[in-house]
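Notes follow the structure.
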Amino acid sequence: MAQFRINDVPPGQAPEWVRKAWVDLVLPMRDVPPASVRQAGIFGGKSENLGGFAVSGQIALSLLKEHNSAAAEWWSTYAPHVLFGDLVFIRDVCEIVD
């Protein structure tokens with residue numbers, strides 16, 4: 001399974017400290033074309049991560065919890081719906097890793 005590393009703070013509607021918690025995480029990439037992933041901001045509106053790398057929300061939050069439990073708790077409290085879909089990270093802040 002392909003993976004990607006988040007190298008810089010991704011844009012989005014979450015507070016900056018929560019978005020910073022993603023930096024240096026390696027996540028498994030969903031094998032789906034970007035156009036097939038419905039994208040919107042976590043609180044609605046336009047996504048700031050269009051066409052990026054998709055990851056299962058449940059897997060992403062599980063890995064985030066190991067890296068930064070407070071940030072994972074923020075997601076569980078304020079945006080629990082991501083557990084039932086995908087998170088997308090803009091390609092500009094990511095790199096594919098082996």
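For the structure I just gave you, tell me whether residue 17 is assigned to a helix (DSSP H, G or I), of a type in the set (Phe, Trp, Tyr), loosely packed, with under 15 Cβ neighbours inside 10 Å and modelled with pLDDT of 90 or more.
On the way: assigned to a helix (DSSP H, G or I): yes; of a type in the set (Phe, Trp, Tyr): yes; loosely packed, with under 15 Cβ neighbours inside 10 Å: yes; modelled with pLDDT of 90 or more: yes.
In short, yes.
Just give me the residues in region 67-85 being over 15 Å from residue 13 (Cα atoms) and not in a helix (DSSP H, G or I), in sequence order. Within region 67-85, 68, 85 qualify.
The values are calculated or read from the model by the stated rules, or taken from the named source; none is laboratory data. Treat the numbers as computed from the prediction; the structure is a model and nothing was measured. Quick reminder, even Gly has a Cβ in these numbers, built from the backbone with ideal geometry, and neighbours come from all protein chains shown.
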